[in-house]
Amino acid sequence: MTVLNTERHAAPAANVFQSRVPGVGDFSLRPLQVPADMPLLHRWVTQDYARYWGMQQATLAEVSDAYHALQQGAHTACYLGLYHGQPAFLLECYHPAHDVLGAHYPVQAGDCGMHFLVAPPERRIPGFTRAVMRVILDFLFCDPATRRVVVEPDVRNDKIHAINRHAGFVYQQEIELPHKRAHLAFCTREHYAAALGLAQ
């Protein structure tokens with residue numbers, strides 16, 4: 001799939017996707033830069049609101065090492081999401097067949113796993129996280145090879161469950177991963193299109 005292309009970008013700061021969400025504003029995505037983006041990302045992942053990210057006690061060096069490995073991986077990719085040109089969220093994409101998740105369900109061709117983390121807000125914008133999810137799914141589904149987006153959020157993370165279901169994710173069973181008990185959920189192109197129709 002395009003978003004997991006193993007080739008390195010010639011211009012790592014260049015936007016790879018742009019989108020306007022009605023009523024919210026302009027978004028874009030660019031590849032995450034290591035080490036340039038790491039102080040910012042370290043500030044996000046070590047705050048209490050990001051506890052489900054699992055990096056609250058991580059040092060800057062540990063965060064840098066983790067994202068360097070993800071960016072160099074053949075089956076993973078990370079992006080920084082911008083809102084009106086300013087950093088607003090992190091997106092991680094991965095191929096479930098090459099992840100621990102692949103042992104917990106029958107992976108299908110066209111599956112794309114993802115995680116995302118919204119930056120700590122400087123001001124409240126109604127519907128912002130739902131808009132971020134819309135940008136992410138638009139980005140992932142713009143690749144014809146992506147047929148289904150897979151997520152495995154912590155069962156305790158009630159806020160993300162509401163966001164996922166609003167976007168069209170269908171929840172399946174609970175699974176026990178090495179670092180958490182999680183819900184397994186899928187969003188097909190058809191599920192997402194139906195969710196968009198209901199939201200408009």
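The values are calculated or read from the model by the stated rules, or taken from the named source; none is laboratory data. The structure displayed is predicted, hence computed values, not measured ones. With ideal geometry, Cβ positions are generated from the backbone for all residues, glycine too; neighbour counts draw on all protein chains shown. Surface accessibility is based on the protein's heavy atoms, side chains included, excluding ligands, DNA and RNA. Shrake-Rupley method; radii C 1.70, N 1.55, O 1.52, S 1.80 Å.
Determine which single condition residue 190 fails, assuming it passes every other condition in (1) out of contact with any strand residue (DSSP E or B) (no Cβ under 7 Å at 6 or more places or on another chain); (2) open to solvent by less than 20 Å² (accessible area, probe 1.4 Å).
Result: residue 190 passes all but (2).
Sort out which residues of segment 44-65 are assigned to a helix (DSSP H, G or I), in contact (Cβ under 8 Å) with a residue 12 or more places away in the chain and over 17 Å from the mean Cα position of the chain (by Cα), and write them in order of number.
60, 64
Which one is surrounded by the fewest Cβ atoms within 10 Å (Cβ to Cβ) among residues in segment 152-187 that are of a type in the set (S, T, N, Q) and over 18 Å from the mean Cα position of the chain (by Cα)?
Going through the qualifying residues, I end up with 173.
Kindly list the number of the only condition in (1) of a type outside the set (Asp, Glu); (2) under 18 Å from the mean Cα position of the chain (by Cα); (3) within 24 Å of residue 129 (Cα to Cα); (4) at pLDDT 95 or above that fails for residue 68.
Only one criterion is unmet by residue 68, namely (3).
Taking interchain pairs and intrachain pairs at least six residues apart, which have beta carbon atoms under 7 angstrom, with the first residue in segment 26-38 and open to solvent by 20 Å² or more (accessible area, probe 1.4 Å) and the second of a type in the set (S, T, N, Q)?
Close Cβ pairs (under 7 Å, with a partner that is of a type in the set (S, T, N, Q)) amount to 30/15; 34/64; 34/71; 35/64.
Filter segment 128-153 for residues that are touching a His at 6+ places or on another chain (Cβ under 8 Å) and either over 24 Å from residue 84 (Cα atoms) or among the hydroxyl-bearing types (Ser, Thr, Tyr) (or both) and give the result.
Within segment 128-153, 151, 152, 153 qualify.
Quickly run through segment 113-129 and pick out the residues that are open to solvent by 40 Å² or more (accessible area, probe 1.4 Å), over 15 Å from residue 76 (Cβ atoms) and within 12 Å of the chain's Cα centre (by Cα).
Within segment 113-129, just 129 meets the criteria.
Going by what's in this entry, would residue 134 be described as within 21 Å of residue 195 (Cβ to Cβ), open to solvent by 60 Å² or more (accessible area, probe 1.4 Å) and under 15 Å from the mean Cα position of the chain (by Cα)?
In short, yes.
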